[in-house]
Every structure is written in structure tokens, then in C-alpha cells.
Amino acid sequence: MLVTFAVLLIIPIILTVVVTVVNDNTASAVEVELISVPLPEKTVYLESFSRAGRFVGNGNGMQYLGAMLITSELTYEELESYYSQYDCQVYVQNTAEIDERHGSLHFTTDPVPEASYRVEKWGDAVSWFFYDYDLRGH
């Protein structure tokens, strides 16, 4: 009976750790995919990060974000056109903080140089189980 109780106690703990690790690795893969996109001309990579959690919208479920900070001589429109072919979104980035829709996310580069942009890429869960059962997605 004691063994059964111990097993029933340990299984949720193990599942929580496994789900967290898998979701963090999924977000890291999104970041790797993002930074593997060739930089357009006259553009310099500054830094990047990835996060798994719930950042935008209502409801439950995980989201996987890869974000990169770049500085460029190109215009916003030129960057947006370039990165759209890679399913990325481009935003003007004036501070280290990322806008409120992403919660408390920020870059470590501070102050952010002039003509800086944030490039974002979003990923998908490896399966419904990992999408639904990470507490960070609720």
C-alpha cells in the first residue's frame, strides 16, 4: 500500500517535470529556427530568446515564442517584407521591454540601439498533451 501511494505521488511530479522540459525545448527549437533565418543585408543580430507559456489571448494552452533583436539600416517595411516569407513578424523595438501583450518579457540589451527591431516566430506543440498539461498555459 505504501508503494502504491508513493507511485501515485511521484507520477504527477515526474509528468510535470517532463512536460515542462519538453515545452521549453519546443520553444528553444523555435528560437533556433528563427536565428537560422539568414539576416538581410545591412542588418546586425544583437540577441535572442525563447519562452514557453501563455502570452497572448484568453483560454488555456501553451504558446512557443522565439524572439530576436536586430538593428538594421533597412526600413521597417523592407524588414517586414523580408521576414514575412519566413512566417515571422517584425516590430519596432525602442526599449528592452517587450510590449504588455507578452507579459514581463524583455531583452538584456539595454539601452536598445536606434533602428532596432524585434523579430518574432511562433511555434506549435509537439502534441496536444504538452499543449494542454503545462501549468504555465493556464
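Here, each number is a calculation from the coordinates, and none is a lab measurement. Because the structure is a prediction, the values reported are computed rather than measured. Using ideal geometry, Cβ is built from the backbone for each residue, glycine included, and neighbour counts are taken over all protein chains shown.
The C-alpha atoms of the chain define a longest principal axis, and helix 2-35 lies at about 10 degrees to it. The charge dipole of region 2-137, taken about the Cα centre with unit charges on the Cβ atoms of Lys, Arg (+1) and Asp, Glu (-1), comes to about 580 debye, rounded to the nearest 20. Projecting the Cα atoms of 7, 82, 34 onto the charge dipole of region 2-137 (Cβ charges, centred on the Cα centre) puts 7 farthest toward the positive pole. Note on region 2-137: percent of Cα-Cα distances in each 10 Å bin, starting at 0 and stopping at the bin with the largest distance, equals 12, 37, 29, 14, 6, 3, 0. Extension gain, residue 87 to residue 108: 0.36 nm times the residue separation minus the Cα-Cα distance gives 5.1 nm.
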